[in-house]
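Working notes, structure below.
The values are calculated or read from the model by the stated rules, or taken from the named source; none is laboratory data. Treat the numbers as computed from the prediction; the structure is a model and nothing was measured. No Cβ is skipped: glycine too gets one built from the backbone with ideal geometry, and neighbour counts run over all protein chains shown.
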Amino acid sequence: MTKPDSDFSSVLADALARYAPTLRKRVVENLLRDRSKLTPKQCLDRVASAFENVPLIDRRIRQLAPEALALLTLLHVGRRWRWPLPHVLELACIAGSNNSLDLILSLCEGGLLFVETKNDQQGIERFENWVPKALRSDTDFVLLPPRVGERAVGISPSLGRVAESEPEGNLQVFPEADGLELPLRLAVLWQKTRFDPPRIKMYGGLFKKDHQRFEEDPLLNGPGPADLTDFPSGWKWYLVWGMATGLIKYDADDSVLQVARLPEVLLHDLATVLEKLWSCGYEVESLVNDSYLNPAPLELLWPMSAGIGLLTALAQIEAEKWCSLDDLSAWLVCRHPRWKPKQTESDDEAASSIPSSLSDWLRAFLLGFAFPMRLIEAAQDAGQMWFVRLTALGRGVLGLGPLPSLPQYPQTLLVQPNLEIIAYRQGLRPELIGQLSRFCEWKSLGAACTLQLTPESVYRGLETGLTHDEILRVLQQHAVRELPAAVVQALKTWADKRERVTVYAAATLLEFASADDLQAALARGLPAVVLTDRLALVEREDDLDYRHFRLMATRDYGLPPDQCVSVSDDGVTLSVDMARADLLLETELQRFAEPVPATSSLISETRRRDEHNRRVYRLTPDSLRKAREEGLTAQMIDDWFRRRTGGETPAAVKLLLNGHAESPLRVCPLLVLQTPNPQVADGLMQWPESRRLIQERLGPKSLAVEQADLPALLDLLRSVGITTEADTGG
């Protein structure tokens, strides 16, 4: 039976401690048939030992009325031992009780059910006084000892039998579902929410961006291979299941949905996962009714108590027999308070007039939920009437029979050299789905599911605690053939990169003026981790003895960067004021500039003597070409110069950076025509006859002329009386 976070024995101890002494004494006497005077500690010990005494529990259960035995059976089929009182009242009604509350209280008096409360500090004097509080409280529950539920099922289900009808002709039996539909979609949802947590609006529902993202996701909204009916599934359906199982949690402080670090609900065998999902049905029912998710289309699936009653009734039919949906409707309409007829109607009258809401609910629950969960088999006769029966796995999951041994196909993954993985569904199981979800991305769901290995997915897997060897072992253990060498190498490369990263919650970074200064500090005993030739990290600032260091500057990285770079007249030589520079500057410069050695002729003798305070870099065609290849744009460099130098990008840098994008230069021989004054040059440029023979104006009195055009221009000048030095013999 699925257990809540705390162990049942500790919960029972706390519950008994809140009973008033007289009530506790009476309950213990009824359970043990022992009237000895016992201390509270003795009461707890005796009750705990009583539930290990199978003959004693069997005797108490056999003394119960059929309705009480049926209620214990229904509670056990729900696969949980902590129940809200309103749901127990519904199950008591299904069990056939005409007074559900009296039935529950009598079982509490007999010590077969217990009451848990957090509200009554003075102790419960009478169970009747506790009931009004429990109906309004979220912290009061009815507790079913697991041993009591197990023994009640073993003695007799004791529910009214379902009438059986014969199918028309041969039945078309649909293949049994694999039970993986919900686990697979939850794995996809875990990934989608983990990578990008959706936000919740103040008045409920997801923000438009997140809503649209989930609404358009084919993996969360596509049809499943086991769909037999129109079912209100989709991303909202899987979201409420994720929240009910603890896979996803609502962070009220930030109004976002956060995922658990690990998909714990999936990391088990199929029977355990299906039992866990089934036991969370009441949490799903509560979330469906919760306005902040707005999952209105899901309301058809509940109440869960009706589903428990139906599957328990199916368990009373022989394993090979079928039961029609009409017969189940006739059985349920007389028992569940949602559809139960008025007192004036008989059961026969109620069964003959089944509400349409019950038929819709029954079809959705059995064919849309229980069938894909592998709890039932389904078939149709020639008249299109639906028939169902419990599967062997369904009986085991519900605690109504032994769990069958399921076939295992461990080799089910085809890992391809392009890092794509094909997972054949017949060999998948929830535990493998959960493992793959940690370090692969789901791409498609179907008979053959596809996943993709990416650097990001592997890094995220390592963040969940997986190691490179564990990832490799999962793939090797389940691959149909040997892993491609490209995949093995990619996993090693990505894991090595991630494992080289060390995270410090707090640290002190020291930048030294030179590599020699850093080595000298280490020789003096500086407790630091060397990061580069001039940078070192000290994890604990208390370990630093600042008397051994000359501090040039400290820097607040929350402020805008300081303008600590000056540009020389050549436009490509940068001088860094180290007293004002921060640790990020050197990394920025290395992307598009090259450091100039202190011995270079480019550095003046004055700067060479002051090398501890200044460092020189130079922009070259090679350094700027490398910057372009790494994605650095002209706009990024412009922004850098404005932030770090306070000025625009020099023309020489723009030439080296954008020269490849300029139009080709024109190279040709030209003659220079010198005019005696600017007025003559203006006239020649304005007169159309002469303008066509001039290439361009070079200065106030200088014009460029092609050699072939010179004779025509000279003739034109002579026609207006302008002579040249050649004409005058000069």
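Candidates are the residues of segment 96-137 that are in contact (Cβ under 8 Å) with a residue 24 or more places away in the chain and under 40 Å from the mean Cα position of the chain (by Cα); the one that is nearest to ARG60 (Cα to Cα) is LEU113. Taken as a whole, segment 555-569 holds at least one residue that is surrounded by 15 or more Cβ atoms within 10 Å (Cβ to Cβ), assigned to a loop (DSSP other than H, G, I, E, B), at pLDDT below 80 and basic (Lys, Arg).
Look through LEU228, LEU267 and report the one residue that is at pLDDT below 85, under 30 Å from PRO407 (Cβ atoms), surrounded by fewer than 22 Cβ atoms within 10 Å (Cβ to Cβ) and touching a helix residue (DSSP H, G or I) at 6+ places or on another chain (Cβ under 6 Å). After applying the criteria, what remains is LEU228. Among the residues in segment 217-230, are any farther than 30 Å from ALA379 by Cβ, acidic (Asp, Glu) and either assigned by TED's automatic domain parsing to the domain that holds SER279 or part of a helix (DSSP H, G or I) (or both)? There is at least one residue in segment 217-230 that is farther than 30 Å from ALA379 by Cβ, acidic (Asp, Glu) and either assigned by TED's automatic domain parsing to the domain that holds SER279 or part of a helix (DSSP H, G or I) (or both).
Just to be sure, is THR620 at pLDDT 80 or above, out of contact with any Ser or Thr (no Cβ under 6 Å at 6 or more places or on another chain) and surrounded by fewer than 16 Cβ atoms within 10 Å (Cβ to Cβ)?
Values: at pLDDT 80 or above: yes; out of contact with any Ser or Thr (no Cβ under 6 Å at 6 or more places or on another chain): yes; surrounded by fewer than 16 Cβ atoms within 10 Å (Cβ to Cβ): yes.
Spelling it out, THR620 is indeed at pLDDT 80 or above, out of contact with any Ser or Thr (no Cβ under 6 Å at 6 or more places or on another chain) and surrounded by fewer than 16 Cβ atoms within 10 Å (Cβ to Cβ).
Screening PRO417 with (1) within 25 Å of LEU228 (Cβ to Cβ); (2) touching a residue at least 12 places away in the same chain (Cβ under 8 Å) gives one miss only, at (1). For residues in segment 57-72 being in contact with a Ser or Thr (Cβ under 6 Å, 6 or more places away or on another chain) and not small (Gly, Ala, Ser), which is farthest from VAL142 (Cα to Cα)? Top of the filtered list is PRO66. When ALA495, ALA521 are screened for being in a helix (DSSP H, G or I) and either touching a residue at least 60 places away in the same chain (Cβ under 8 Å) or surrounded by 19 or more Cβ atoms within 10 Å (Cβ to Cβ) (or both), only ALA495 passes. Scoring VAL284 on the criteria (1) at pLDDT 80 or above; (2) in contact with a Lys or Arg (Cβ under 7 Å, 6 or more places away or on another chain); (3) β-branched (Val, Ile, Thr) leaves a single failure, condition (2).
Among the residues of segment 623-655, what is the count of those that are under 23 Å from CYS564 (Cα atoms) and part of a helix (DSSP H, G or I)? Explain how you work it out, then say what you get.
Keep residues of segment 623-655 that are under 23 Å from CYS564 (Cα atoms), which gives 623-624, 627, 632-654.
From the residues that got through so far, the ones that are part of a helix (DSSP H, G or I) too are 623-624, 627, 634-644, 651-654.
Residues meeting the conditions: 18.
Is there a residue in segment 193-204 that is within 24 Å of CYS280 (Cα to Cα), at pLDDT below 90 and surrounded by 22 or more Cβ atoms within 10 Å (Cβ to Cβ)? Within segment 193-204, not a single residue is within 24 Å of CYS280 (Cα to Cα), at pLDDT below 90 and surrounded by 22 or more Cβ atoms within 10 Å (Cβ to Cβ).
Which of the residues that make up segment 311-341 are among the hydroxyl-bearing types (Ser, Thr, Tyr) and either closer than 16 Å to LEU358 by Cβ or in a loop (DSSP other than H, G, I, E, B) (or both)? Lay out the reasoning, then the answer.
First pass over segment 311-341, keeping only residues among the hydroxyl-bearing types (Ser, Thr, Tyr): 312, 324, 329.
Passing the criteria: SER324, SER329.
Among residues of segment 132-184 being among the polar types (S, T, N, Q) and within 22 Å of SER329 (Cα to Cα), the one that is modelled with the lowest pLDDT is SER158.
GLU420: modelled with pLDDT under 95 and either surrounded by fewer than 21 Cβ atoms within 10 Å (Cβ to Cβ) or of a type in the set (Lys, Arg) (or both), yes or no? Against the criterion (modelled with pLDDT under 95 and either surrounded by fewer than 21 Cβ atoms within 10 Å (Cβ to Cβ) or of a type in the set (Lys, Arg) (or both)), GLU420 does not qualify.
How many of the residues in segment 440-456 are aliphatic (A, V, I, L, M) and part of a strand (DSSP E or B)?
Here is the first cut: in segment 440-456, the ones aliphatic (A, V, I, L, M) are 445, 447-448, 451, 453.
Filter once more, keeping what is part of a strand (DSSP E or B): 448, 451.
Final tally of qualifying residues: 2.
Scanning for something of a type outside the set (D, E, K, R) and touching a residue at least 40 places away in the same chain (Cβ under 8 Å), does segment 690-702 turn up at least one residue? No, segment 690-702 contains no residue that is of a type outside the set (D, E, K, R) and touching a residue at least 40 places away in the same chain (Cβ under 8 Å).
Mind checking which residues of segment 5-20 are without any contact (Cβ under 8 Å) to a residue 40 or more places away in the chain and outside any loop (DSSP other than H, G, I, E, B)?
Here is the first cut: in segment 5-20, the ones without any contact (Cβ under 8 Å) to a residue 40 or more places away in the chain are 5-7, 9-10, 13, 17.
SER9, SER10, ALA13, ALA17 - these are the residues of segment 5-20 that are without any contact (Cβ under 8 Å) to a residue 40 or more places away in the chain and outside any loop (DSSP other than H, G, I, E, B).
In summary, ASP34 fulfils each of the numbered conditions (1) among the charged types (D, E, K, R); (2) within 14 Å of VAL148 (Cβ to Cβ); (3) over 47 Å from the mean Cα position of the chain (by Cα) with the single exception of condition (2).
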